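Quick notes on the structure that follows.
Computed from the coordinates by the stated procedures, all read-outs in this text should not be read as laboratory data. The structure presented is a predicted model; accordingly, all values stated were derived computationally and were not measured. Neighbour counts run over all protein chains shown; Cβ positions are idealised from the backbone, glycine included.
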Amino acid sequence: MKIQIDQNKIKTRLIEQREVLTKQIKEGNRVSSPSEMINPDRNDLAANYTARAKQISLLEQLKNQRAEVDEALARIDDGTYGICENCGNAILPERLAVLNYARLCIECQRLANKAN
């Protein structure tokens, strides 16, 4: 089935998105550590630990999203972009416009969400 999406436009957006994610990841890696604090008490250490845990979680999400973007770029290059990895049907252009690294069609994504 021929997919009616502008893959060059999508590829440009994915590359831009990758650059933004990479910048956010680099900025997120600059989290202060307790050793940088002057005379921290327990409350300071606890607040710092909580902030670091949130930052680490956010960094993981950003890294996962960047990996999805990289994989979408690879699918564009190998000609499988816009094809559901589960059923082989076309992913709706509207879905790709919203989630340009989608790898599943809406129905397969719903089934995957129910399974999890």
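Here is a check on your reading of the model: is Ile83 of a type in the set (A, V, I, L, M, F, W, C), under 22 Å from Arg18 (Cα atoms) and surrounded by 14 or more Cβ atoms within 10 Å (Cβ to Cβ)? Quick ask: steps written out before the conclusion?
Numbers: of a type in the set (A, V, I, L, M, F, W, C): yes; under 22 Å from Arg18 (Cα atoms): yes; surrounded by 14 or more Cβ atoms within 10 Å (Cβ to Cβ): yes.
Considered against the rule, which asks whether it is of a type in the set (A, V, I, L, M, F, W, C), under 22 Å from Arg18 (Cα atoms) and surrounded by 14 or more Cβ atoms within 10 Å (Cβ to Cβ), Ile83 comes out as yes.
Let's see how each residue does on (1) closer than 18 Å to Gln17 by Cβ; (2) over 18 Å from the mean Cα position of the chain (by Cα):
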| site | (1), (2) |
| --- | --- |
| Cys87 | no, yes |
| Pro93 | yes, yes |
| Leu99 | yes, no |
| Leu104 | no, no |
| Lys114 | no, yes |
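List every residue pair whose Cβ atoms sit under 9 Å apart, with the two residues 6 or more apart in sequence or on different chains, where the first one lies in segment 70-93 and is more than 17 Å from Leu14 (Cα to Cα) and the second, anywhere, is small (Gly, Ala, Ser) and assigned to a helix (DSSP H, G or I).
Taking only residues 6 or more apart or on different chains, the pairs are Asn86/Ala112.
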